[in-house]
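Here's the structure we're looking at; comments come further down.
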Amino acid sequence: MNSLDRAYRGAKGDWQLHLLSVFSVGVAFVCLVATLLVVVNVERVHDRWRHVSRISVYLRSGAEPAAIADLEKALRASSGIGQVRFVSSEAARRELLNDDSTDALAALPEQAFPASLEVETAERLLPERRQRIAAQLKSLPAVESVETYESWGERLGTALVGGVTAAAILALVVLAAVISVVSSTMRLSLQRRRLEVEVLKLVGATDAYVRQPFVLEGASQGACGATLALLLVGLLYGIVRTQLDGHLSGLLGIAPEFLPWFAVLGLIGLGGVLGAAAAQLSLRKLLAV
Amino acid sequence: MVFGTGGRAFRPALRAGNRFDPAAADRPVVVFDEVYKAYRADCPVLRGFSLTIQRGEFVFVTGPSGSGKSTLLRMLYAAEGVDAGRILFLGRDVARLTAESVPYLRRNVGVVFQDFKLVDGWTVSENVAVPLEVLGLPERLVKNRVGEVLERVGLAGRGPDKAGSLSGGERQRVAVARAIVGEPAMLLADEPTGNLDPQLAVDILGLFEDIHETGVTVLFATHDRSLLDIRPRRVVVLDEGRAFDVPQGLDAAALGAA
């Protein structure tokens, strides 16, 4: 009978204890998986905004059509600039207001919807070049202000750093929780199987031989706990996505995605390694017979 | 007989193998040399205990409760330390074995306990197979060997039964089967009949004698005087830390004294 068979026999005998342990580890992992899911999607939004290929040039209310036409022509002739589209004040109002709009929005003054030139830049336009174009545009008399959307990327970047920090802290909490849960389970399991261990030691089993099935059981508890958490969060993600996919895509500019396969495998592996390490550590001093 | 393979493994002076060493057969299996053991400083269990057991002997160890019978046996398989003196098992000092070597010592000793120490949730075969599985023997060999040993202890065909469903006598037979399945150099029995009725106790003693007939050295600890009277055997009496060796059995000693 090899270690796997012995681990299976042990887990089968203590299945309720193991189930409880898997559930507890799963709860700990749910927090980590959920945070990672948020971080991954915020990172994607951040990436989207960082590489945004759009500049909005807001025009003064009294800008001459000829000046605007000259500006449009000059922009088209510049390197790194793609399409340039003039959006009048009325068109801007029409784009924002629709049938569902509230009266408050409809009552906004005309100045709230300035005319603009929507400029599509090349994807690979360097941020420095984009800044220089913006600075040059701002100095023109017909231009009120220029929006490069980089501040949104910076804000998301700050949020991302916070999210990664939160994920790291949660990873530590999960680590402590998994070690604590699996260690307690293993100690309890060892107490319940004290006679089995005693017999093994008396017939000449080494500590490593006695420990092997417990370490395998710990690893399986960690891995199963992580898998359970991924399934739970995946299920919730699926429900949320079904309900809000259109809204989220419109709001964020991207369709939200679940964790990539390597992160899923990494989390399951992390659970397994943590469980095995916890079992190994907790039994180190308890095998003396 | 099985020996360790690692550099720190237990390496007895008597080795099994193809080459016959005539001198090895004459060496004692166990030598207790001035062994001292105390759990409390003012009340030693063994005081300068010395005893030599030759290969193939059957020795009873007797004495009142607390006289140190179990301690003597536990020291032999390194479950207890030795305060002073030496215990040579197959030429190696058990008291000086490293923790890593102890498992290899135990593979050369079969132990039977009063409380059987069987895992009730396992089958009879699983309980008996443990010493062979620890050695990493192939499954088919383990199965064959377990079947042979169960037949030898009178439990042929009971392999698939759960150990928890057996009677006391059967449980002790399973424990004996487990102790001898690895063909140990020595069989230790720590009050193996303590939980059995008198008739079953005699049956189990008979089983030990059958095993002894095959050449296995047996050290049988009991406080049951009636077992010692069944057949004259060498008896070691422990009392108040001292040991009295009666080579021809208690009855012969009593006759001699008369």
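A short reminder: the numbers here are calculations on the coordinates, not readings from a lab. Treat the numbers as computed from the prediction; the structure is a model and nothing was measured. Note: ideal-geometry Cβ built from the backbone for every residue, glycine included; neighbour counts use all protein chains shown.
What value, in deg cm²/dmol to 500, does the helix sum -39500 (n - 2.57) over DSSP H runs of n ≥ 4 give at 222 nm once divided by the residues of the protein assembly as shown?
-17500 deg cm²/dmol
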What is the gain in length, in nm to one decimal, between A:Glu257 and A:Gln83 on full extension, counting 0.36 nm per residue of separation less the C-alpha to C-alpha distance? 59.6 nm
Please give the average number of partner chain Cβ atoms lying within 10 Å of the Cβ of each residue in A:204-214, rounded to a whole number. 4
With labels modelled as points extended 7 Å from the Cα through the Cβ direction, what inter-label distance (nm, one decimal) is found for A:Tyr149 paired with A:Ala67? 2.7
Exceeding the 19 Å Cα-Cα cut-off - candidates A:Lys12/B:Lys117; A:Lys12/B:Lys162; B:Lys117/B:Lys162; A:Lys201/B:Lys37: A:Lys12/B:Lys117; A:Lys201/B:Lys37
Here the FRET efficiency for A:Leu188 versus B:Glu240, based on Cβ atoms and R0 = 51 Å and rounded to 0.05, is 0.75
Under 28 Å Cα to Cα from A:Lys73, which lysines show up? Leave out anything in the same chain fewer than 8 places away. A:Lys138
Give me the angle, in degrees from 0 to 90, between the Cα long axis of helix A:65-77 and the longest principal axis of the Cα atoms of chain A, rounded to the nearest 10. 50
With 35 Å as the cut-off, how large is the P(r) tail for chain A, expressed as percent of Cα-Cα pairs? 47
Along Cα→Cβ, 7 Å out, is where each label goes; now give me the distance between the ones at B:Glu213 and A:Leu232 in nm to one decimal. 6.5
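Considering just Cα atoms, how many Å³ per residue does the convex hull of the range B:125-258 enclose?
128
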Using a 7 Å offset from the Cα along the Cα-to-Cβ direction at both A:Leu126 and A:Leu108, what is the distance between the two label points in nm, to one decimal? 3.6
Starting with the highest mean, order B:218-229, A:19-30 by the number of other Cβ atoms within 10 Å, averaged over the residues of each peptide. A:19-30, B:218-229
No solvent, one uniform scatterer per C-alpha: report log10 I(q)/I(0) for chain B via the Debye equation at q = 0.14, 0.15, 0.18 1/Å, two decimals. -0.99, -1.14, -1.53
Enter the mean number of other protein chain beta carbons within 10 Å of the beta carbon of each residue in B:133-140, as an integer. 3
Regarding the range B:48-93, what are the three Cα extents along the principal axes, ordered largest first, in Å? 30, 26, 19
If you place +1 on the Cβ of every Lys and Arg and -1 on the Cβ of every Asp and Glu, how big does the dipole about the Cα centre of the range A:1-149 come out, in debye to the nearest 20? 780
Quarter of the surface of the C-alpha convex hull for the range B:88-195, i.e. direction-averaged projected area in nm², equals 7.2
In degrees rounded to 10, the 0-90 angle between helix A:127-138 Cα long axis and the longest Cα principal axis of chain A is 30
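By per-residue mean of other Cβ atoms within 10 Å, what is the highest-first order of A:187-200, B:99-112, A:156-169, A:70-83?
B:99-112, A:187-200, A:156-169, A:70-83
Have a look at the DSSP beta bridges in the range B:83-229 and tell me what percent are antiparallel, nearest 5.
Percentage antiparallel, nearest 5: 25.
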Evaluate peptide A:190-198: per residue, the Cβ atoms of other protein chains within 10 Å of its Cβ; return the mean as an integer. 2
Overall dimensions of the protein assembly as shown by Cα: Rg and Dmax, Å: 40.4, 142
Can you compute 3J(HN,Hα) from phi for each residue in the range B:75-90, using the Karplus curve 6.51 cos²θ - 1.76 cosθ + 1.60 with θ = phi - 60°, rounded to whole Hz and x for Gly and Pro? 5, 5, 9, 6, 8, 10, x, 10, 6, 8, x, 10, 10, 9, 10, 6
I want the antiparallel fraction of DSSP beta bridges within the protein assembly as shown, as a percent rounded to 5. 65
Taking every eigenvalue of the Cα gyration tensor of the range A:99-207, multiplying by 5 and rooting it, what semi-axes result, largest first, whole Å? 67, 21, 10
Mind checking the full-extension length gain between A:Lys138 and A:Ile239? Use 0.36 nm per residue of separation minus the Cα-Cα distance, one decimal, nm. 31.8 nm
